[in-house]
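Working notes, beginning with the structure itself.
Each value in this text was obtained by applying a stated rule to the coordinates, not by laboratory testing. Since this is a predicted model, take the numbers as computed values, not measurements. For neighbour counting, all protein chains shown are included, and Cβ atoms are generated from backbone atoms with ideal geometry for every residue, glycine included.
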Amino acid sequence: EQRTDKKPMLADLRESGCLTAGTRILRADTGAEVTLGELLASGERNVPVWSLDESLRLVARPLTHAFPSGTREAFRVTLCSGRVVEATANHPFLTLDGWLPLGELTTGSRVAVPRSVPEPLQVRTWLESHVILLAHLIGDGSFVRRQPLRYASIDEANLQAVSEAAATFGITAVRDAHVAARCTSLRFPAPFHLTHGKRNPIAAWLDKLGLFGLRSYEKFIPDEVFGLSRAQVALFLRHLWATDGYIRHPNGSDRCVQIYYATTSRRLADDVAHLLLRVGVLSRIAVARKPGYRDSYHVSVIGLDNQRTFLSDVGCHGARGAAGSRALEVLHGIAGNTNVDTVPAEVGERVRSVLAARGMTHRAFSTAIGTQFCGSTLLKHSVGRARLTQIAVVLDNSDLRMLATNDVFWDEIRSIDSIGEQPVYDATVLGTHNFVANGIALHNSLEQDADMVMLIHRPDAWERDDPRAGEADLILAKHRNGPTTTVTVAHQLHYSRFNDMAQG
């Protein structure tokens with residue numbers, strides 16, 4: 001209504017919600033993320049992205065293009081896992097009851113996020129020494145401008161690994177012991193005289209990756225790392241954890257293990273959480289605040305199964321690796337908390353429907369799944385995936401089996417806060433109509449669902465004295481299998497009819 005030209009446009013149908021420019025879309029080809037703003041600026045089309053199919057499995061689908069959707073009020077949505085996304089009130093999130101706009105969700109609503117991410121379509125391979133060196137430099141390295149390249153550690157195994165990796169660049173690491181700090185630092189002098197256009201090989205490599213010159217709170221994991229195989233991703237995480245990662249038994253407990261990575265870079269925390277999904281490990285990001293210091297972000301491995309997977313498939317290099325071995329022994333034989341990984345309570349309605357269709361009583365159902373009969377109480381709460389799998393087998397129901405074994409973790413909304421009017425954007429994904437953004441499953445624009453879109457424009461509907469009174473434009477605005485065009489016809493409203501404008 002605010003436009004001077006009232007002719008309808010395809011963008012008018014893009015009302016399924018929008019996202020801010022910094023929203024990061026997960027690519028399926030490289031495994032890295034790309035922002036909506038970057039896609040719009042580059043004009044890149046048909047980008048393979050990860051998308052959920054009807055069985056809630058991640059599949060690769062083409063994101064045809066990104067486009068601006070104007071300026072609207074946006075909201076910052078924070079999940080209990082620490083994932084954050086900025087979206088308009090009408091942007092759909094995936095719930096157990098289907099795609100629902102943010103405006104219909106509240107604190108405590110459960111939404112879908114990937115529980116793991118497949119290998120990218122284009123897997124790349126690095127020298128293992130480069131994987132190891134980058135992990136250590138991101139964690140405990142210093143590569144700010146006009147300062148020597150340095151790495152510091154108290155762990156001899158780490159110092160040895162970094163020295164050996166630096167040698168593959170032709171560099172002999174120089175040790176400096178710091179007795180007061182109880183640590184040793186390594187310097188990486190260039191193996192040749194540095195002149196104009198000739199740089200330290202490690203510095204040039206870090207610059208190519210976009211890291212050189214960054215402070216600790218600015219660090220991130222380069223896109224190239226997300227394209228590595230699962231084995232090399234695990235190797236990277238194993239050595240990254242040897243720097244600022246922790247594996248602990250709080251208060252000397254033999255029944256509890258803490259596994260987390262600490263960083264002052266929010267971007268790096270998000271990247272670590274993303275990379276953990278490549279090895280099938282779910283995590284949660286929490287903020288640790290201390291007066292006079294920058295915020296620290298802790299990426300914690302949550303749930304017994306995820307901790308076991310991390311310790312057995314990733315682990316930790318060096319002295320902390322021994323702590324990991326002990327932690328795995330502690331976790332052996334312990335029953336996990338079934339409330340960590342559950343399917344929302346709404347699944348109870350589906351189970352009740354199946355029971356009714358089969359004519360099965362709640363008492364017979366409780367006996368079949370081996371629980372004590374307590375009326376319908378079992379179906380009033382969230383259900384663990386293992387329990388739901390058992391229920392699906394007993395009831396021989398494929399829909400329940402799909403909900404128990406898919407690629408989705410049902411995260412919980414912790415807060416929804418307005419961030420005011422923001423320029424917003426959306427994208428089009430063919431087939432499945434959704435993508436993974438900031439680690440969350442989100443729907444795309446409405447018009448993209450249609451193969452053909454036709455619009456009707458009557459100029460005299462807006463201006464009674466318009467010189468084109470009696471005319472209407474039939475606008476074929478979208479046609480997947482043919483050209484688009486506009487045809488002008490005469491309208492006879494008293495007959496609800498359109499006529500050819502041709503005379504004679």
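Net charge near residue 234: determine it from the other residues with C-beta under 10 Å of the C-beta of residue 234, scoring Lys and Arg +1 and Asp and Glu -1.
With Lys, Arg at +1 and Asp, Glu at -1, the net is +2.
Net charge around residue 220, counting only other residues with Cβ within less than 15 Å of its Cβ (Lys, Arg = +1; Asp, Glu = -1)?
With Lys, Arg at +1 and Asp, Glu at -1, the net is -3.
What does the helix-only formula give at 222 nm for the chain: each DSSP H stretch with n ≥ 4 adding -39500 (n - 2.57), the total divided by the residues, and the result rounded to the nearest 500 deg cm²/dmol?
Working: 13 runs with 134 residues, N = 504.
The per-residue figure over the chain is -8000 deg cm²/dmol.
Looking at the chain from every direction and averaging, what is the projected area of its Cα convex hull in nm²? It would help to have the intermediate numbers written out before the result.
Numbers: hull surface 138.2 nm².
Mean projected area of the Cα convex hull: 34.5 nm².
Helix 385-395 against the longest principal axis of the chain: what's the angle in degrees, Cα atoms only, rounded to the nearest 10?
So the inclination is approximately 50 degrees.
Which of 267, 175 comes first, and how do the rest follow, when ranked by fewest Cβ neighbours within 10 Å? Write out the running numbers ahead of the final one.
Working: 267 16, 175 10.
So the residues, fewest neighbours to most, are 175, 267.
Using the number of other C-beta atoms within 10 angstrom as an exposure proxy, rank 456, 202 with the fewest first.
456, 202
Evaluate the relative contact order of the chain (contact order divided by residue number), counting alpha-carbon pairs under 8 angstrom at least 6 apart; express in whole percent.
The normalised contact order for the chain reaches 23 percent.
Suppose every Lys and Arg Cβ carries +1 and every Asp and Glu Cβ carries -1, with no other charges. What dipole size does the chain come out with about its Cα centre, to the nearest 20 debye?
1680
As I understand it, the value is the acute angle between the Cα axis of helix 347-358 and the longest principal axis of the Cα atoms of the chain; what does it come to in degrees, rounded to 10?
Taking the Cα atoms of the chain, the angle to 347-358 is about 60 degrees.
Listing 178, 65, 433 from the residue with the fewest other Cβ atoms within 10 Å to the one with the most, what is the order? Mind dumping the intermediate values first?
Numbers: 178 11, 65 16, 433 19.
With the fewest neighbours first, 178, 65, 433 line up as 178, 65, 433.
For segment 183-196, take each phi angle, set θ = phi - 60°, evaluate the Karplus expression 6.51 cos²θ - 1.76 cosθ + 1.60, and give the result in whole Hz per residue in order, putting x for glycine and proline.
So the J values, rounded to whole Hz, are 9, 10, 10, 10, 10, 10, x, 5, x, 8, 6, 8, 10, 4.
Tilt of helix 304-313 relative to the longest C-alpha principal axis of the chain, in degrees (0 to 90, nearest 10)?
60
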